[in-house]
Amino acid sequence: MRIGVLMPNWVGDVVMATPALRLLRERLPDADLVGIMRPVAAEVLAGVPWFRDVVYYDRRSDQPEQRMWPVIRQLQEQRLDSIVLFPNSLRSAFVAWRSGTRERIGIARNGRGLILTRAVRHPRRYFHEPVSAMEVYRHLVSQWVGGKTKYPPQLMTTSHERALADEVWQNAGWKKSEKVVVLNSGGAYGPAKDWPLRSFVTLSHRLVAELGTKVLMVCGPAERENAEQFVKLADRDEIQSTASLPPSIGRTKACIQRAAMMISTDSGPRHFAAGYNVPVVALFGPTDDRWSLNDHPNETRLANDELACRPCAKRTCPLGHHRCMTDLSVERVMRATQQRWSAFRNKLNAA
């Protein structure tokens, strides 16, 4: 049996789909799973054992073979028996339909029910109820293959990715045994999720002084300039970033995997911490954290819930003050970090 799995587009959503993938593999252990995904999603999932084959699909790609019609032809050649659609778009259902796959399973949304053979009802109880993407993916798979799962997100790293993290530690002059707190300052969503850079700097100085840790800010291409400025303002050997190295999802994954803790805005790398069970303090501004719950048992979520204007879900602050993030004080974040740090260390010592 050959089953196609059309993966989500966003990095964080890819991580939140891993519990559903694990359930699919558990319930259909002899099936050949074919992942259909953007190359960046394949980087996130590098090292996992669940897929027999991967088809790269990115409709905006500059590589023609990754665009919609060439991918449809590739899927036709795959001769899939079934295809599971994690994205809720009409386009994803159209791709599945034109691939000729007989069984097409997805959430019944956006008018696509007629071209799905198994249209699964959304798990929300009322129209605007916030439901995590992870819960939707688990619900979709369990409605098709049966069973339930409380698997947490899971990621793995390859030896190459771990070597990329080694390079970061070597460049910083750190031993592998060093306690390192990883910071993530931004994401693809937009500037409304950003915590002030000077707040990150002040926090980093306190982490070094009070917890005795090293600090590493990870970054993608869009955050590189920000990370460079962070290191310049921090001006401490114990505080570094990955800005000088080629951007790499694999490097970011491996750095987070070996971190003692993470402090992150609401963006994809925050979910990497869940995939490796690394303690994390997550900073929420314009977004409602219920949309991105990932069942991480060692996560503390901070938000300015007293603000009447949040969550607005806007990419830039429509009121111009950005208080949902700027009013998150360094003191509050540091206090949450110390509490999470102590709780996790006590659990390790007890074990």
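Coordinate-derived values only; no laboratory data. Quick caveat: nothing in here was measured; it's all calculated off a predicted structure. Every residue, glycine among them, receives a Cβ derived from its backbone with ideal geometry; neighbour counts consider all protein chains shown.
Structure notes:
- Output for region 64-98, where each listed residue is of a type in the set (Gly, Ala, Ser) and surrounded by fewer than 22 Cβ atoms within 10 Å (Cβ to Cβ): Ser82, Ser89
- Among the residues making up region 203-250, those that are touching a residue at least 60 places away in the same chain (Cβ under 8 Å), closer than 17 Å to Phe272 by Cα and part of a loop (DSSP other than H, G, I, E, B) are Thr242, Ser248.
- Residue within region 245-253 that is crowded, with 24+ Cβ neighbours inside 10 Å, more than 12 Å from Ser185 (Cβ to Cβ), touching a His at 6+ places or on another chain (Cβ under 6 Å) and not aromatic (Phe, Trp, Tyr) present: no
- For Glu43, the criteria (1) more than 29 Å from Arg290 (Cβ to Cβ); (2) surrounded by 15 or more Cβ atoms within 10 Å (Cβ to Cβ); (3) acidic (Asp, Glu) hold in every case but one, which is (1).
- The set of residues from region 1-31 being over 16 Å from Leu293 (Cβ atoms), in contact with a Ser or Thr (Cβ under 7 Å, 6 or more places away or on another chain) and either among the aliphatic types (A, V, I, L, M) or buried (at least 24 other Cβ atoms within 10 Å of the Cβ) (or both) comprises Ile3, Gly4, Leu6, Leu23.
- Within region 189-234, tally of residues that are farther than 15 Å from Ser264 by Cβ and hydroxyl-bearing (Ser, Thr, Tyr): 2
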